[in-house]
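Each remark here refers to the structure printed beneath this line.
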Amino acid sequence: MNRERLTPDRIRRLALPEGAGQSFTWDTDAPRLAVRATAGAKSFIFESKLNRQTVRVTIGDTRVWTLAKARDEARRLQAMTDQGIDPRQEKRDRIEAAAAKAEEAKRIAAPTMEAWQKYIEARSPRWSQSHLGDHATVSKEGGEPRTQGRRPGESDKTLPGILRPLLALPLEQIDADRVRVWLQDESAKRPTHTRLAFGLLRAFLNWCADRPEYRDQAHKDACIARIARDELPKKSAKDDCLQREQLPAWFAAVRQIGNPVIAAYLQTALLTGARREEVAGIRWEDVDFQWKAMTIRDKVEGTRTIPLTPYVASLLACLPRRNEWVFSSPAAASGRLQEPRIMHNKALTAAGLPALSIHGLRRSFGTLAEWVECPAGVSAQIMGHKPSATAEKHYRVRPLDLLRQWHTKIEAWILNEAGIEQPAEDSRPGLRVITAA
């Protein structure tokens, strides 16, 4: 064993003997310290015994470590072995801790979008398709070619979702102050959509606050109700609804729509009072022309069965059967109708009628049903509203035939006001033919 008092000059002059793969020169001041010379490199090493086994640890390159620092490190490692601690394991632990710290720093600095995707994966099995679609819309990246018309001056690319700027930030940066600024900016441009996005963001942050991996970064108070009250305009109930005297103009304009699927869709939405996506999601297997029934995929209860009234049956019977969807669309990736508003708005303009949303057609059904003095519980059951009283919840079980009697009467009255004759209903066991009142 070559042992001498190491000095910077001696270390610099150390050379690897010819034909040797490595050589060691041990220090006399720190007996467990040596300089190992290999082809083109020199490094400080520590070597000792632990449990009768040789323990060797590389301290570092002689060009990086000073001799004094290397001696201090060798003495520290010797103290560890004297206590029965393996310095190799200590080094591995230190490296792993540093790597974990770096990974944690990387995770904290990562965009919130990563946590958002995990949130959707965890919660989506409990959501409806509509609710899942809302999350996709508010967080979309944008930049895709527009598939629909655009206003003059607008980009031909889609815009990012309303929450995308926030989700691009690290989670710990989404605090109350930042959310407030975001609300002030967005609520001035699109208050209704901003209110929806605010609710989705609040649910997401609450989820993060309950997760151990995000708890230290999430600001649960970033979306407190006070911020919404301060920055969002007051939510007012919508009241768009077709009036009795507007029915002739509305039906005339809608029946003139060149696309028969959209025309049938809009009339079905009005005459069933179903929600927008409930109507669009009707499959052919849901329609029973023989027994005059139609199954609606209810967003609240799962499914509900309503009568297939004569006029609606005639509308559906004339539609092309391209795929599983009643209101099909060859241009849509899903195969079904996606956006009926454009043609509906054009029809309203042609008829000289005020703005009316698709949901306004649902509101119209509930309102117009009162003209035939239909019991509120009957129209609510057809529309898929939850019972609002104890008697409705526990003491009213209406068979489909009873719903059909009133639903057919409602349809007959609406069509009569629009100047349209209701088709005769086929006789079936247990069914009654209802004429307009």
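Just so it is clear, none of the values below were taken in a lab; they were calculated from the coordinates. Keep in mind it's a predicted model, so treat the numbers as computed, not measured. Virtual Cβ from ideal backbone geometry, glycine too; neighbours counted across all protein chains shown.
Tabulated results
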quantity	calculated
Point-to-point label distance, Lys101-Glu421, nm (Cα→Cβ direction, 7 Å offset)	8.7 nm
Farthest toward positive dipole pole in the chain [+1 Lys/Arg, -1 Asp/Glu at C-beta], among Asn51, Leu270, Ala20	Ala20
Modelled FRET efficiency - R0 35 Å, Arg56 with Glu172, Cβ distances, 0.05 increments	0.25
Taking N as its residue count, the alpha carbon Rg of the range 2-107 over 2.2 N^0.38 Å	1.20
Cα gyration tensor shape for the range 244-418, rounded if a/c is under 1.5, else prolate or oblate	oblate
Sites matching trypsin sites (Lys or Arg not before Pro) across the range 210-282 that sit in DSSP coil, with at most 11 neighbouring C-beta atoms within 10 Å	Arg215, Lys234, Lys235, Lys238
MRE, 222 nm, helices only [DSSP H, n ≥ 4, -39500 (n - 2.57), over the chain, to nearest 500]	-14000 deg cm²/dmol
Relative pair counts by distance (%), Cα atoms of the range 272-318, 5 Å bins	5, 22, 35, 26, 9, 2
The chain, relative contact order in percent, only Cα pairs under 8 angstrom and at least six apart counted	10 percent
Debye equation applied to the C-alpha atoms of the range 255-297, log10 I(q)/I(0) at 0.16, 0.23, 0.27, 0.30 Å⁻¹	-0.43, -0.83, -1.03, -1.12
Likely footprinting exposure, Trp65, Trp413, Trp116, fewest C-beta neighbours within 10 Å first	Trp65, Trp413, Trp116
Surrounding net charge for Ala209, when Lys and Arg each add one and Asp and Glu each subtract one, Cβ distance under 11 Å	+1
Between helix 191-209 and the chain: long-axis angle, C-alpha atoms, 0 to 90°, nearest 10	40 degrees
Cα-centred dipole magnitude for the chain, charges only on beta-carbon of K, R (+1) and D, E (-1), debye, nearest 20	1060 debye
Mean Cα-pair separation over length for the range 2-107, i.e. relative contact order, pairs under 8 Å, 6 or more apart, %	18 percent
Contact order relative to length of the range 177-320, as percent, for alpha carbon pairs under 8 angstrom and 6 or more apart	14 percent
Sites matching GluC sites (Glu not before Pro) across the range 155-213 that sit in DSSP coil, with at most 16 neighbouring C-beta atoms within 10 Å	Glu213
With Cα atoms, 0 to 90° folded angle of helix 176-187 axis to the chain main axis	40 degrees
Pairwise label distance in nanometres, Asp216 with Gln83, each label 7 Å out on the Cα-Cβ vector	2.5 nm
The chain, Rg to Rh (Cα coordinates; Rh as Kirkwood inverse mean 1/r)	1.30
Neighbour-count order for Asp298, Asp216, fewest beta carbons within 10 angstrom listed first	Asp216, Asp298
Evaluated at q = 0.12, 0.17, 0.24 Å⁻¹: base-10 log I(q)/I(0), Debye formula over Cα of the range 46-143	-0.62, -0.87, -1.18
Between 0 and 90°, nearest 10: helix 260-272 axis offset from the chain longest Cα axis	80 degrees
